[in-house]
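S.K.: Sharing a structure, written as structure tokens. Questions coming.
The values are calculated or read from the model by the stated rules, or taken from the named source; none is laboratory data. None of these values were measured; they are calculated from a predicted model. Neighbour counts run over all protein chains shown; Cβ positions are idealised from the backbone, glycine included. The accessibility values were calculated without ligands, DNA or RNA, using every heavy atom of the protein model including side chains. Shrake-Rupley method; radii C 1.70, N 1.55, O 1.52, S 1.80 Å.
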Amino acid sequence: MRGSRLLSILMILQTRGRTTAEALAAQFEVSVRTIYRDIDQLSAADVPVYADRGPGGGFQLLDGYRTRLTGLSPAEAETLFLAGLPGPAAELGLADAMATAELKLIAALPERTRAGARRIAARFHLDPVDWFHGADAARLLPALAKAVWNETSVDIRYRRGQGSVARQLKPLGLVLKAGTWYCVAAVGEQTRTYRVAHILELAPTGDGFERPKDFDLVRYWTASTRAYEVGIYRSHATLRVSTIGLERLEPLGAAVQQAARESAEPMDADGWIKVTIPIESIDQAALDLLRLGSEGEVLKPVALRRRIARVASEIRRRNS
């Protein structure tokens, strides 16, 4: 365990540069004193690591020092092949680069590790797009990815409703969720999320920007998606559903499923169950709950019950 930690500390210092003992201790879940002992061990092994004291200080490797201890274990090599998604790589304009990198990786691996990596590639395929959905068209994605990488701002025209708006973005990162690409960007003093397929036009401004040092793409995305999922629901509906109707609630999302499970009352004499679920609005809930067909009944709110009755009556009239 300690040998693995020493190697990891060495690789962190090589890739990140100056790093504090506190940051290393937090990452490896050990005491600061343990980190100091690890640094002493590296120094004893002739690794040129030194410490800067005071504010902004930390451990750092001597300028120009590079370790050759970059060998991959079999498990590490296999995970790299699991991470290779040819579809998204092609959308980013990196398909050829990824294929070349995989060939180089295979060629560099020992024969035994090479065989294991090939087995992983042959037996596992990651498809990020949900059933009955196609991936968003994202023709401007390569240009946007270049702007993210080079930290240059872009002018875009973005589809909104039936029209469009102009925005200047400082793109901070790209996220692929369920086959849909999103761009997280700074706009003025705010950080916002844009669906890449809704970008109608894009033009680089040629102006660079300084990426916020404290911005963490994963942390931002996790927080913003949770806030969206919570904020989108503004009310609740009480339903009476059959076991089939309960199953038909699943496509409405995890929040609805969880609420239905937690609120489910004991089955009545007819084999039906009363549940309470979150809803966005009366109109949207009416569209969503029509999927229940005859396997569900809205008890309240009354406005939703009446809305579904009107829609069902209109469907019957048009199809009679």
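S.K.: Step by step: first the residues of the stretch 210-247, then only those that are surrounded by 16 or more Cβ atoms within 10 Å (Cβ to Cβ) and out of contact with any helix residue (DSSP H, G or I) (no Cβ under 9 Å at 6 or more places or on another chain), then the one that is nearest to D270 (Cα to Cα). Which residue is that?
M.R.: Only one residue tops the list, namely R240.
S.K.: How many residues does the stretch 157-181 contain that are out of contact with any Cys (no Cβ under 9 Å at 6 or more places or on another chain) and open to solvent by less than 70 Å² (accessible area, probe 1.4 Å)? Before the answer, list the steps.
M.R.: Of the residues in the stretch 157-181, the ones out of contact with any Cys (no Cβ under 9 Å at 6 or more places or on another chain) are 157-168, 170, 176-181.
Cutting the leftovers down to open to solvent by less than 70 Å² (accessible area, probe 1.4 Å) gives us 158, 161, 163-167, 176, 178-181.
The qualifying residues number 12.
This table checks each residue for (1) among the hydrophobic types (A, V, I, L, M, F, W, C); (2) closer than 30 Å to V184 by Cα.
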residue: D214; (1), (2): no, yes
residue: V230; (1), (2): yes, yes
residue: L246; (1), (2): yes, no
residue: E250; (1), (2): no, yes
residue: Q258; (1), (2): no, yes
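Residue-by-condition table, conditions (1) small (G, A, S); (2) under 22 Å from D214 (Cβ atoms); (3) at pLDDT 95 or above:
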position	(1), (2), (3)
A143	yes, no, no
W149	no, yes, no
V154	no, no, yes
S164	yes, no, no
K177	no, no, no
C183	no, yes, no
G188	yes, yes, no
H198	no, no, no
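S.K.: While we're on this one: Could you figure out which of (1) loosely packed, with under 14 Cβ neighbours inside 10 Å; (2) touching a Ser or Thr at 6+ places or on another chain (Cβ under 6 Å) isn't true of V184?
M.R.: So V184 meets the others, but not (1).
S.K.: Continuing with the same structure: Among the residues of the stretch 250-270, is there at least one that is open to solvent by 60 Å² or more (accessible area, probe 1.4 Å) and β-branched (V, I, T)?
M.R.: For the stretch 250-270, residues open to solvent by 60 Å² or more (accessible area, probe 1.4 Å) and β-branched (V, I, T): absent.
S.K.: L289: at pLDDT 90 or above, over 30 Å from G188 (Cβ atoms), buried (at least 17 other Cβ atoms within 10 Å of the Cβ) and touching a Leu at 6+ places or on another chain (Cβ under 9 Å), yes or no? Quick ask: steps written out before the conclusion?
M.R.: Numbers: at pLDDT 90 or above: yes; over 30 Å from G188 (Cβ atoms): yes; buried (at least 17 other Cβ atoms within 10 Å of the Cβ): yes; touching a Leu at 6+ places or on another chain (Cβ under 9 Å): yes.
The answer is yes for L289.
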